[in-house]
Structures are given as structure tokens and as C-alpha cells.
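The structure appears right after this line, and notes come after that.
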Amino acid sequence: MNHKVKKTRKIFEKKEEKNFDKRIKFIRSLIKKFNSHREPEIRAEFSFFKNNILTIKFSGISCYTCGFYDYFEDFSSGLEDYGTKARISRIKEYSNKVLVDYELEN
């Protein structure tokens, strides 16, 4: 691999890293806003982000009540309000939490 290609790759990786950091910061601020309006009924927590898949852990006292899944859509709408298109790609339920995967578009 020649020097020019290595340099270009490093620049690209730095740019991707910066984008990743911006997205994580944005996601954390959205979670904070979401929780400020919905706790203690439900609480969102950052779980994982890779390859444009965002996993959010939801827990709280409203688990499995009527309209519980609406909270997941509300979070998705919050992403879209800030210009990030998202769709729910998976919901995995546990006894005391739910993990929701959102597929984000660039």
C-alpha cells in the first residue's frame, strides 16, 4: 500500500471517528431528554451502537402495560426530529427490561 493511500485511509478513519463521536453525543442527549419527560414510568439507557444499529435498553414501572410499545416509537420519532431516520428492527423482551434495536440511516 503506498503512502498516499495510507494517508487517505487515516483521514477517512478520523472523519468516521468524528461522526461516530457526534452521533453518540447526540444519542446521549436524546436519551436524557426522553428520560426527563418519561421517568419513572420508563427509562431509556444507551446499550450499544455499531454499523448503524442503535440498541436502547428500556426499563421501568410501565413495563408491559397498555401502550408500552408506543415508547419505542416515541424514541424513534425523537431521532427523526433531529434528522436521523430510524426504524425499529428488533425488540427483545426480558423479565425486567426490553432491548430495542433501531436501524439508523446515514
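The values are calculated or read from the model by the stated rules, or taken from the named source; none is laboratory data. Quick caveat: nothing in here was measured; it's all calculated off a predicted structure. Note that we place each Cβ from the backbone using ideal geometry, even for glycine, and neighbour counts take in every protein chain shown.
Any residue at all in segment 15-32 that's surrounded by 14 or more Cβ atoms within 10 Å (Cβ to Cβ), at pLDDT 80 or above and over 15 Å from Leu104 (Cα atoms)?
So far as segment 15-32 goes, yes, one or more of its residues are surrounded by 14 or more Cβ atoms within 10 Å (Cβ to Cβ), at pLDDT 80 or above and over 15 Å from Leu104 (Cα atoms).
Any idea how many residues of segment 71-106 are closer than 17 Å to Asn51 by Cα, charged (D, E, K, R) and assigned to a helix (DSSP H, G or I)?
Residues that pass the stated criteria total 0.
Taking the criterion of being hydrophobic (A, V, I, L, M, F, W, C), in contact (Cβ under 8 Å) with a residue 12 or more places away in the chain and not in a helix (DSSP H, G or I), would at least one residue in segment 33-43 satisfy it?
Checking segment 33-43: at least one residue is hydrophobic (A, V, I, L, M, F, W, C), in contact (Cβ under 8 Å) with a residue 12 or more places away in the chain and not in a helix (DSSP H, G or I).
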